[in-house]
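Quick note: the coordinates plus some simple rules give every number you see, no bench work behind them. For clarity, every value in this text was computed on a predicted model and none was experimentally measured. No Cβ is skipped: glycine too gets one built from the backbone with ideal geometry, and neighbour counts run over all protein chains shown.
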Amino acid sequence: MNHWIVLPILLPALVAPLIALAVRFDIVLARVFSVASTVLLLALGVILMGMAADGTVTSYALGNWPAPFGIVLVLDRLSALMLVLNALLGLVVLLHAINGWDQRGRHFHSLYQFLLMGVNGAFLTGDFFNLFVFFEVLLIASYGLMVHGGGPERVRAGVQYVAINLVGSSLFLVAVGLLYSVTGTLNMADLALRVADVAPGDQALLRTGALLLLLVFAIKAALVPVQFWLPGTYANAPAPVAALFAIMTKVGAYAIIRLYTLAFGAAAGEAAWLAAPWLMPAALATLAAGMLGVLAARRLGQMASFAVIGSMGTLLAAVAVFTEPAMAAALYYLAHSTLAGGALFLIVDLVTERRPGHGDALTVAPRIVHGGLVAGFFFLGAIAMTGMPPLSGFVGKLLILDGVRASAHAVWIWVVVLAGSLLAIVGFARGGSTLFWKSSALDGLMRPAGRLHPVLPFVATGLLLGATVLLTVFAGPAADYAERTAAQLFHPSAYIEAVLGTAGRTD
Amino acid sequence: MEFLVASAIAVMTAAGVYLLLRLRTFPVVLGLGLLTYAVNVFLFATGRLVVHAPAVIGAAGGTYADPLPQALVLTAIVISFGMTAVIVVMALRAWFECGSDQIDLHEGGDAPLRERE
């Protein structure tokens with residue numbers, strides 16, 4: 001058996017308690033362990049991506065119990081891609097955070113490793129109940145990180161965030177229970193086989209369970225009408241944590257892509273593609289709501305949060321078409337929007353700590369230290385996020401517009417994506433000109449309260465923006481990988497075979 | 001017995017949702033508690049209701065209770081217990097730091113409770 005697959009979960013799971021127990025009083029050692037672990041995670045992600053790139057699906061049976069009785073981890077192109085994205089974003093955000101954010105509260109590094117572990121587990125698991133457990137792991141870590149550093153507003157937003165996610169967890173359990181009661185399995189591959197055979201009398205239960213699960217993933221992915229928690233949470237969370245949370249909305253998107261292509265795809269009989277009619281209007285409404293929010297935002301953090309909501313709308317509108325070309329475009333855009341969203345929140349932090357008394361509010365104030373460089377970063381981040389040429393957002397949106405042409409809703413997607421991009425461009429242009437351009441007319445220079453440590457944050461933000469540049473330069477290979485991933489998703493027999501063995505079920 | 005279990009789930013869910021919508025931390029915590037009880041009983045029912053049967057398949061076969069939902073309920077109880085502890089601690093901290101037990105965020109917002117007292 002190939003033991004590489006379990007390492008992305010095992011490594012942070014061992015390093016996190018080590019940091020919490022052994023080196024909690026030594027911030028330098030904690031940083032060393034945390035960075036080393038995340039670097040190793042990135043290396044592991046690349047190795048696993050190399051293993052999955054040729055199209056093999058590898059299954060890892062924990063404790064050597066055969067599926068569907070034991071629990072399995074499954075590695076395919078999609079999970080490998082998500083692992084690499086998570087480790088990359090995690091490493092860069094960590095570089096940003098070790099410049100002081102990690103000392104504003106306790107246990108930052110161990111919570112950070114637990115969060116990475118939960119996200120990796122959610123990407124790798126082949127079992128619903130384990131998906132629930134890994135969701136809880138990443139949520140518990142995110143509750144701690146969300147209120148890291150404290151402060152009244154942050155704690156209040158944190159309570160709201162915990163409450164909405166606890167409701168989401170209860171719904172998740174109800175949905176899993178419903179699916180188990182009609183199919184008798186919790187294994188995703190096994191479920192895919194059994195969904196087609198569900199008795200006509202149980203179809204209503206099956207649909208209810210599957211759509212409740214869609215609602216749960218929609219809460220994670222911040223889709224309208226359950227998007228309202230995101231701006232309050234992300235705008236009030238510590239900026240590096242908000243940047244890392246850019247991957248958490250993608251966990252919801254990943255779960256939607258995985259479940260509704262694998263189990264409720266073409267082979268699902270009466271339940272085939274049952275997510276599509278619900279997902280499409282929700283995604284388009286999310287896109288519109290996000291971009292209108294960008295226009296209406298009064299703080300830079302809010303603007304970035306609404307931009308993330310808008311990008312989730314774009315991504316899931318392409319997913320909701322459920323065709324291979326649209327899915328390939330969606331996967332490319334997913335990689336792009338994770339990097340761009342993370343970069344945007346890091347830029348928000350660069351601005352906030354340089355404007356004492358103003359923070360990230362969109363007000364005209366005297367010039368800031370390193371104004372030119374920060375403004376340049378914001379300009380690049382805004383170009384990436386709104387999808388203007390030459391960065392990868394443009395390529396991603398172009399691929400999406402091209403990929404959805406065959407859909408019956410193509411006109412709607414085109415209209416909403418293009419109008420949304422225009423709104424986002426206006427919103428970001430307004431924000432940037434208020435913050436950076438109008439301030440240059442005022443006299444004086446704003447002095448930040450504390451001492452700035454500019455090197456690592458600039459490196460981190462630069463790395464993320466550099467990654468979007470690389471995604472643009474190597475758009476060909478990246479789109480190629482996305483296409484082959486989409487092809488694998490729409491032909492799930494290899495996945496099912498890898499998990500259940502060639503014999504499949506005997507009963 | 002089906003009616004008893006179903007109505008118990010329904011009453012607990014309804015009460016839980018009602019308390020959640022009060023949007024104050026104490027009712028919300030109680031509501032989440034009721035909701036998780038409802039979910040736990042519901043998970044039991046997903047393995048079909050069987051009375052006086054072991055959770056293992058005996059050598060002679062015969063009736064048995066589905067053990068998997070019981071394992072799931074155990075896990076769900078542990079997780080929901082931990083989560084309740086987390087939200088209680090955070091609610092307390094919110095109360096001490098901002099003097100408010102509102103769950104929803106309004107800009108400018110409602111007057112904190114303590115000021116009204």
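Details
- Angle in degrees between helix A:410-432 and the longest Cα principal axis of chain A, rounded to the nearest 10: 20 degrees
- Mean sequence separation of contacting Cα pairs (under 8 Å, at least six apart), scaled by the length of region A:3-499, corresponds to a relative contact order of 16 percent.
- Local net charge near A:P152, Cβ-Cβ under 10 Å (Lys/Arg +1, Asp/Glu -1): +1
- Averaged over the residues of B:43-49, the number of partner chain Cβ atoms lying within 10 Å of the residue Cβ comes to 4.
- Rounded tilt (10° steps) of A:27-52 against the dominant C-alpha axis of chain A: 40 degrees
- Footprinting exposure proxy ranking of A:E324, B:E2, fewest other C-beta atoms within 10 angstrom first, gives B:E2, A:E324.
- Cα-only Debye scattering, region A:175-257: base-10 log of I(q)/I(0) at q = 0.14, 0.16, 0.17, 0.19 Å⁻¹: -0.58, -0.69, -0.74, -0.83
- Centre separation in Å (Cα based) which lies between region A:406-469 and region B:12-55: 44 Å
- Between region A:184-255 and region A:12-82, the alpha-carbon center distance in angstrom: 22 Å
- Under-5 Å amide H pairs with A:I368, H placed in peptide plane, nonlocal only: A:M446
- In degrees, nearest ten, helix A:300-320 long axis to first principal axis of chain A (Cα): 20 degrees
- Per-residue shielding of A:172-183, expressed as the average number of other chain Cβ atoms within 10 Å of the residue Cβ, stands at 5.
- Here A:K220 is the anchor, and the lysines within straight C-alpha reach of less than 19 Å, apart from those fewer than 8 places off in the same chain, are A:K250.
- Taking every DSSP bridge with both residues inside chain A, close to 80 percent are antiparallel.
- Phi to ³J(HN,Hα) by Karplus 6.51 cos²θ - 1.76 cosθ + 1.60 over region A:240-250, Hz, x for Gly, Pro: x, 5, 4, 5, 5, 4, 4, 7, 6, 5, 6
- Shape analysis of the protein assembly as shown yields a ratio of the Cα radius of gyration to the Kirkwood radius, Rg/Rh, of 0.96.
- Computed per residue of the protein assembly as shown from DSSP H runs no shorter than four, each worth -39500 (n - 2.57), the mean residue ellipticity at 222 nm is -23500 deg cm²/dmol.
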